[in-house]
């Protein structure tokens, strides 16, 4: 069975897909190139109660999008805009707003594809897709992604977790959604993790 096209990408998936940082993604969104969206539970904004997908303003979350990676992973959403509306609504209940993590920030697929087409993303060297020059997967780009991941977020909790992340990374960068099998990735990441003296943390 062929699954339908996915409906959104996370901000991290888009950054990996385009070969940039989440700070760049936030900057383009702040300039109106596309919307960053999240989901909220039933939330009171004055007399209105809103739930579902809503647009956020990236500049409200500047610490999360620090390019140096030293910012927090989550912050309280104090205002949002419904997707087809123009006015921003300020949250009154809960009083502190809705806690939103960067992993819950998404971009709808139609916005991603439109941005890529408008800016010739995959034709301009701005990003790369899943395959390398030899027709296989782009393992050199994967090594760069591992370096970025370790530098910004540290080592994962396990080798299996890193492999799952890399499969998602390949799928996000591929226009077909294909990704390498686990054994192919494991064979290539093992020397890197051994060099980093990777050890499974004690539970």
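Every number here is computed from the coordinates shown, using simple stated rules; none is lab data. Note that the structure is predicted; figures quoted are calculated from it, not measured. Positions of Cβ are backbone-derived with ideal geometry, glycine not excepted, and every protein chain shown enters the neighbour counts.
Over the chain, the fraction of Cα-Cα pairs per 10 Å bin, rounded to whole percents and listed from the shortest bin up, is 8, 31, 32, 21, 7, 1.
Taking only the Cα atoms of the range 139-195, the ratio Rg/Rh comes out at 0.94, with Rh defined as the Kirkwood radius. Using just its DSSP H runs of length 4 or more, each adding -39500 (n - 2.57), the chain gives a mean residue ellipticity at 222 nm of -11000 deg cm²/dmol after division by all residues. Over what distance in Å are the Cα centres of the range 141-190 and the range 1-61 separated? If we compute the Cα centre of each part, the gap is 23 Å. Summary value for the chain: 22 percent relative contact order, contacts being C-alpha pairs under 8 angstrom separated by 6+ residues.
Computed over the alpha-carbon atoms, the range 8-118 gives an Rg to Rh ratio of 0.96, Rh here being the Kirkwood radius from the mean inverse distance. Model label sites at residue 103 and residue 86, defined 7 Å from Cα along the beta-carbon direction, differ in position by 3.8 nm.
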